[in-house]
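Trainee: Got a structure here, written out as C-alpha cells. Questions coming.
What follows is calculated from the coordinates using simple rules that are stated; it is not laboratory data. Everything numeric here is computed off the predicted structure, so don't read it as measured data. We place every Cβ from the backbone using ideal geometry, glycine too, and count neighbours over all the protein chains shown.
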C-alpha cells in the first residue's frame, strides 16, 4: 500500500469513518478543512485523521471543535504527505518522530504506547492498534481493506 488516509469522527452513535483523499491538498489548511467538513457532516467531536505512507511512517491528527489541530508523526518526512503536516510539528529533522504523543490519551492510547508504536511497529499495524484502543478498529479495518 503506497498511502492511506482516513478521517474518523466520534458521534453519539459511535465512530464514523471515511477514506480521505489528500492527493489534491496543497497545504495543511486543505487537510484541516477536510477534517472540519467531516465534523460538520457527522456532528462528531473529536475528529481524527490517520495517515500511512509507503510502509514508512504514520501520522495522527486530532481536531477538537474550534481548537487548533494537534498531531503525532512517527517519522518526519518533508516530502509527499509529510510536508502537509510540517506546520503542526515544526522544524524537526527528517527521520525523527514529532508532535504530541499524548493527543489520544483520553481515548485510551497512552503517550508511551503511541511512541512505542512509532518506534517498533509497521505503520499499518500501528494505526490498527491505535484504532482498536480508541474504539474504532472495526471501522478502520473496513476502510483499509
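Trainee: Which of the peptides 55-68, 90-103 is most tightly packed, and how do the rest follow, judged by the mean count of other Cβ atoms within 10 Å per residue?
Mentor: Descending mean neighbour count gives 55-68, 90-103.
Trainee: A follow-up question, please. How high is the relative contact order of segment 1-125, given as a whole-number percent (alpha carbon pairs under 8 Å, six or more residues apart)?
Mentor: Relative contact order, segment 1-125: 21 percent.
Trainee: Now a separate question. For the chain, what does the convex hull of the Cα positions come to per residue, in cubic angstrom?
Mentor: So the per-residue Cα hull volume is 97 Å³.
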